[in-house]
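The structure appears below as structure tokens.
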């Protein structure tokens with residue numbers, strides 16, 4: 001895998017900035033809040049850091065553990081209210097727009113002069129507020145992936161499952177040979193991640209939107225939701241009963257180590273496969289989660305840029321934005337993070353087969369109208385509704401006494417939280 005920074009690359013990046021008139025007179029510090037703390041994510045953060053350092057500035061890490069980002073957002077709020085905002089913070093979706101509406105984000109149109117031509121509309125819209133860029137898009141993640149340990153699947157003699165019926169046939173075959181079919185961490189955000197893939201696979205994009213984008217009461221109480229909840233509950237019997245509460249990357253490592261055969265998780269899991277294995281993805285299969293091949297459930301990582309008083313820090317902040325949007329950074333960061341670049345003008349010649357498929361599927365879904373924003377990963381719904389739905393789904397996953405009908409009624413109530 002090519003490295004983003006080295007003597008040659010660093011010199012080229014710095015020379016390009018000088019030519020553009022962006023070389024700072026003095027080195028400054030850019031503090032960045034994020035929750036990329038797993039091994040694969042840390043490799044990607046290293047790329048971010050080196051990109052900034054190549055421009056003569058200092059990276060200050062503000063890492064907060066927690067895959068869902070709730071702790072990070074709570075700390076960010078206290079910092080901003082105290083008048084001590086970082087230069088940038090990992091952020092997305094409605095959350096980004098809420099911070100922009102509060103007037104604490106910086107207009108970076110001067111850095112983003114040509115970005116519209118290099119971004120899909122859905123990505124550009126996600127990092128703009130009232131038509132102005134307030135954040136830099138890092139990448140696009142696909143949430144609806146099924147990861148499979150190829151060696152364990154081969155023992156069943158069955159092909160990779162593309163429907164839920166096929167999935168359960170494979171899962172039963174794995175059980176018979178003593179293999180845990182499905183690895184799942186059991187944290188509430190992971191429960192909702194799994195559930196939204198089930199909803200998308202059972203009901204399709206339009207039904208998904210009626211549940212997670214513009215909530216429709218009828219969708220929560222109808223037969224399609226009943227079917228989705230029944231499949232979701234059935235999945236519980238294929239997970240290690242003692243595996244609850246694990247971080248997502250530990251669940252991924254079960255598949256890597258051969259202690260479980262499959263995991264339904266976003267493509268950030270690929271970063272763990274690549275970080276743990278010299279042979280990369282050769283021993284693993286990546287396909288869309290059952291029933292979702294024609295759809296793309298997306299999450300867009302971005303760095304929101306905050307208003308800063310210190311002019312030197314503003315220079316470092318803009319240098320960070322320039323670095324993040326560069327072709328070199330976009331390609332390498334996505335390779336390490338498991339995603340695809342936010343930019344649409346890159347050839348992905350160094351990308352793995354999973355990323356190339358993801359890129360093609362993203363374009364196809366954009367044209368077909370089958371792109372859907374991830375509810376579990378903050379791309380749709382306000383945080384109150386999202387938290388309420390997540391709580392209901394997690395309770396249903398963990399408590400067999402809750403009936404399917406009972407869960408539907410709870411989801412209906414949760415959908416009305418604002």
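Among 275, 112, 82, the largest mean-square fluctuation in a Gaussian network model of the chain (Cα springs under 10 Å) belongs to 82. Helix 311-325 and the longest principal axis of the Cα set of the chain meet at an angle near 50°.
Under the criterion of Cα pairs below 8 Å and six or more residues apart, the relative contact order for the chain equals 26 percent. When the Cα centres of region 80-112 and region 325-363 are compared, how far apart do they sit, in Å? Distance between centres, Cα-based: 25 Å. Annotation: the residues 184, 132, sorted from fewest to most other C-beta atoms within 10 Å of their own C-beta, follow the order 132, 184.
Show me 232-243, 35-46 ranked by packing, highest mean number of other Cβ atoms within 10 Å first. Spell out each step's value before the answer.
Values: 232-243: 16.0, 35-46: 18.9.
Highest-to-lowest ranking by the protection proxy: 35-46, 232-243.
Which of the peptides 247-253, 344-350 is most tightly packed, and how do the rest follow, judged by the mean count of other Cβ atoms within 10 Å per residue?
247-253, 344-350
Among beta bridges identified by DSSP and lying wholly in region 22-163, the antiparallel ones come to about 20 percent. Between 372, 80, 127, the GNM of the chain built on Cα springs shorter than 10 angstrom shows 80 fluctuating the most.
Annotation for residue 117 and residue 368: the two label points, set 7 Å from Cα along the Cα-Cβ direction, are 3.1 nm apart.
Which value at 222 nm does the chain reach when only helices count, each DSSP H run of 4 or more adding -39,500 (n - 2.57), with the total divided by all residues and rounded to the nearest 500 deg cm²/dmol? Each step should come with its number before you reach the end.
Values: 17 runs with 204 residues, N = 418.
The per-residue figure over the chain is -15000 deg cm²/dmol.
Computing FRET efficiency as 1/(1 + (r/R0)^6) for residue 213 and residue 234, where r is the C-beta to C-beta distance and R0 is 25 Å, gives about 0.45.
Here the gap between residue 413 and residue 206, fully extended at 0.36 nm per residue and compared with their Cα-Cα distance, gives a gain of 72.4 nm. Need one number: % antiparallel among DSSP beta bridges in the chain, to the nearest 5. Expressed as a percentage, antiparallel bridges in the chain total about 60. For region 28-74, rounded, prolate or oblate, judged on the Cα gyration tensor with a ≥ b ≥ c (square roots of eigenvalues), a/c < 1.5 rounded, else prolate if a/b > b/c? Judged from the Cα gyration tensor, region 28-74 comes out oblate (a/c at least 1.5, b/c at or above a/b). Among 143, 122, 315, the residue with the largest mean-square fluctuation in a Gaussian network model of the chain, with springs joining Cα atoms closer than 10 Å, is 122.
Given contacts defined as C-alpha pairs under 8 Å and at least six residues apart, what's the relative contact order of region 271-399, whole-number percent?
Working: 77 pairs, mean separation 39.4, N = 129.
Across region 271-399, relative contact order equals 31 percent.
For region 121-233, a/c is not less than 1.5, where a ≥ b ≥ c are the root eigenvalues of the C-alpha gyration tensor, and a/b does not top b/c. That puts it in the oblate class. Between 0 and 90 degrees, the angle of helix 404-415 with respect to the longest Cα principal axis of the chain falls at about 20 degrees.
Any read-out appearing in this document is the output of simple, stated calculations on the displayed coordinates, not a laboratory observation. Predicted, not measured: the structure shown is a model, and the values here were computed from it. Because the Cβ atoms are built from the backbone with ideal geometry, glycine has one as well, and the counts that use them run over all protein chains shown.
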